[in-house]
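Peer 1: Here it is, the structure in full.
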Amino acid sequence: MHVFFLALANLFLLTSLVSADPQLIQPGEVWPDDRGRHIQAHGGGIIKLGDTYYWFGEDRSRDNDPNLRYVACYASKDLAHWQFRNQAVKADDPAKLGAGWILERPKVFYNEKTNKYVMYAHIDNKSYEFASVAVFTCDTVDGDYRYVKDFRPLGQQSRDIGQFIDDDGAAYLIFEDRPNGFHIAKLSDDYLTVEKDVHLFSKKQGGALEGGALVHYNGLYYVMGSKMSGWNPNSNQYATAIRLEGPWSDFKDIAPPEKNTYGSQSSMLLKVVGSKTTSIIFMGDIWKPHAQWDSRYLWMPLEIGDGKLTLPEPKPWTIHVATGETVINP
Ligand code: GAL
């Protein structure tokens, strides 16, 4: 009897591990990690190392120490199952910004030359007047990151940041600068500073945008951002260009404007290059400002090509990272 159950349990374990059916990604739902806890990677970013994706984001767990700010790191091979790795940042107000200080939208880059992991994050005081980036580094991807410094990129105000790694490996920081607009800026060789603007979208050019994200797909760059309405969703927009320097097209809505990006805000565009196709995934946050630990994620594969980009209506979907194929539930 006992042996029979053991065999049955083993069989079950085996089939669940080798199951050919990819796991559903369910926009707007609680997304449990390997411990069964809702993933805490809000305003996040992803890097891929080998065949593993690492997702970093704001860890707003309810039981965190309210004086500290946390960044969590998760790992996955299929983009659906995420293993909690570490609270990669547990910071105690390193820039002395006082009660209510802010650490948002962490993004990690791997620098091959220095063999270091470099994290950028928006660091601010309670009233968002410090408007700077913080830089943390680590020798391992999911280790304890050490605070290095904070600064204003190119001497300008910087609030929401985004990350972009081009096909040639070049690393860019996207940052929102209230007086001037929306920057796509190149990082220095060691990634420890922001070297130069590659393009600045002036406000006149539609560049009053935050939650910046960028992807290169089929010969075109697609940049995306949200309008500025704090935690409230708005209709996110995109523009395209052949070169990062521009000229850039006008900005257009990514979904019917009355949908307000289905209640979400852009955080990153993830490119999954598979053996059969390339998929671009919209990673957005559904914020719950009064219960941030319960903020949700809206990830959907985009309809993209020939200068057009659409965020489809959110529905559960699956991805097969090896082939790059995605299937949206009917
Ligand atoms: C949003 C921004 C968030 C957070 C929030 C605060 O516009 O994207 O990251 O800073 O404002 O109100």
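The values are calculated or read from the model by the stated rules, or taken from the named source; none is laboratory data. Treat the numbers as computed from the prediction; the structure is a model and nothing was measured. Note that we place each Cβ from the backbone using ideal geometry, even for glycine, and neighbour counts take in every protein chain shown. Ligands, DNA and RNA are excluded from the accessible area calculation, which covers all protein heavy atoms including side chains. Shrake-Rupley method; radii C 1.70, N 1.55, O 1.52, S 1.80 Å.
Peer 1: Considering only the stretch 256-271, how many residues are more than 16 Å from the ligand (Cβ to nearest atom) and in contact with a Ser or Thr (Cβ under 6 Å, 6 or more places away or on another chain)?
Peer 2: 1
Peer 1: Okay, next question. Where residues in the stretch 171-196 are touching a helix residue (DSSP H, G or I) at 6+ places or on another chain (Cβ under 9 Å) and open to solvent by 40 Å² or more (accessible area, probe 1.4 Å), which of them is nearest to SER235 (Cα to Cα)?
Peer 2: LYS196
Condition check ((1) open to solvent by 40 Å² or more (accessible area, probe 1.4 Å); (2) more than 19 Å from ASP167 (Cβ to Cβ); (3) hydrophobic (A, V, I, L, M, F, W, C)) across all residues:
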position: ALA255; (1), (2), (3): no, yes, yes
position: ASN260; (1), (2), (3): yes, yes, no
position: GLY263; (1), (2), (3): no, yes, no
position: GLY274; (1), (2), (3): no, no, no
position: ILE281; (1), (2), (3): no, no, yes
position: GLY284; (1), (2), (3): no, yes, no
position: TRP287; (1), (2), (3): no, yes, yes
position: HIS290; (1), (2), (3): yes, yes, no
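Peer 1: What residue, among those in the stretch 81-100 that are over 21 Å from the mean Cα position of the chain (by Cα) and either more than 16 Å from the ligand (Cβ to nearest atom) or not in a loop (DSSP other than H, G, I, E, B) (or both), is surrounded by the fewest Cβ atoms within 10 Å (Cβ to Cβ)?
Peer 2: Filtering first and then ranking leaves LYS96.
Peer 1: Still on this structure, please answer the following. I'd like to verify a number: residues in the stretch 58-67 that are in a loop (DSSP other than H, G, I, E, B) and under 12 Å from GLY43 (Cα atoms), how many?
Peer 2: 1
Peer 1: Being aliphatic (A, V, I, L, M) and either more than 15 Å from the ligand (Cβ to nearest atom) or more than 22 Å from PRO66 (Cβ to Cβ) (or both) is the filter here; which residues of the stretch 272-298 pass it?
Peer 2: Within the stretch 272-298, VAL272, VAL273, ILE280, ILE281, MET283, ILE286, LEU298 meet the criteria.
Peer 1: Based on what the data block shows, is VAL133 away from the ligand (no atom under 16 Å from the Cβ) and hydrophobic (A, V, I, L, M, F, W, C)?
Peer 2: Spelling it out, it is not the case that VAL133 is away from the ligand (no atom under 16 Å from the Cβ) and hydrophobic (A, V, I, L, M, F, W, C).
Peer 1: When you scan the stretch 68-80, do you find a residue that is within 16 Å of the ligand (Cβ to nearest atom), open to solvent by less than 10 Å² (accessible area, probe 1.4 Å), assigned to a strand (DSSP E or B) and not aliphatic (A, V, I, L, M), even just one?
Peer 2: no
Peer 1: Right, ASP124: touching a residue at least 24 places away in the same chain (Cβ under 8 Å), more than 16 Å from the ligand (Cβ to nearest atom) and either acidic (Asp, Glu) or touching a Gly at 6+ places or on another chain (Cβ under 9 Å) (or both) or not?
Peer 2: Spelling it out, it is not the case that ASP124 is touching a residue at least 24 places away in the same chain (Cβ under 8 Å), more than 16 Å from the ligand (Cβ to nearest atom) and either acidic (Asp, Glu) or touching a Gly at 6+ places or on another chain (Cβ under 9 Å) (or both).
Peer 1: Here's a follow-up. Could you tell me which of the residues ALA213, ALA208 is out of contact with any helix residue (DSSP H, G or I) (no Cβ under 6 Å at 6 or more places or on another chain), within 16 Å of the ligand (Cβ to nearest atom) and modelled with pLDDT under 95?
Peer 2: ALA208
Peer 1: I want to confirm something. Restricting to the stretch 197-206 and keeping residues that are in a strand (DSSP E or B) and either over 16 Å from VAL223 (Cα atoms) or not aliphatic (A, V, I, L, M) (or both), which single residue is least open to solvent (accessible area, probe 1.4 Å)?
Peer 2: The qualifying residue least open to solvent (accessible area, probe 1.4 Å) is PHE201.
Peer 1: Does ASN218 satisfy the condition of being open to solvent by 30 Å² or more (accessible area, probe 1.4 Å) and either within 16 Å of the ligand (Cβ to nearest atom) or among the charged types (D, E, K, R) (or both)?
Peer 2: Criteria not met by ASN218.
Peer 1: Please return the ranges of strands (runs of 3 or more DSSP E) entirely within the stretch 152-196 where 2 or more residues are of a type in the set (Val, Ile, Thr), within 16 Å of the ligand (Cβ to nearest atom) and closer than 23 Å to TYR217 by Cβ.
Peer 2: Where strands (runs of 3 or more DSSP E) fall fully within the stretch 152-196, none carries at least 2 residues being of a type in the set (Val, Ile, Thr), within 16 Å of the ligand (Cβ to nearest atom) and closer than 23 Å to TYR217 by Cβ.
Peer 1: Further, regarding this structure: Can you pull out the residues in the stretch 233-248 that are in a strand (DSSP E or B) and away from the ligand (no atom under 16 Å from the Cβ)?
Peer 2: Result: TYR238, ALA239, THR240, ALA241.
Peer 1: Give the number of residues within the stretch 150-169 that are open to solvent by less than 20 Å² (accessible area, probe 1.4 Å) and of a type in the set (Gly, Ala, Ser).
Peer 2: Matching residues across the stretch 150-169 total 2.
Peer 1: Does GLY230 count as open to solvent by 20 Å² or more (accessible area, probe 1.4 Å), within 16 Å of the ligand (Cβ to nearest atom) and under 28 Å from ASP78 (Cα atoms)?
Peer 2: In short, no.
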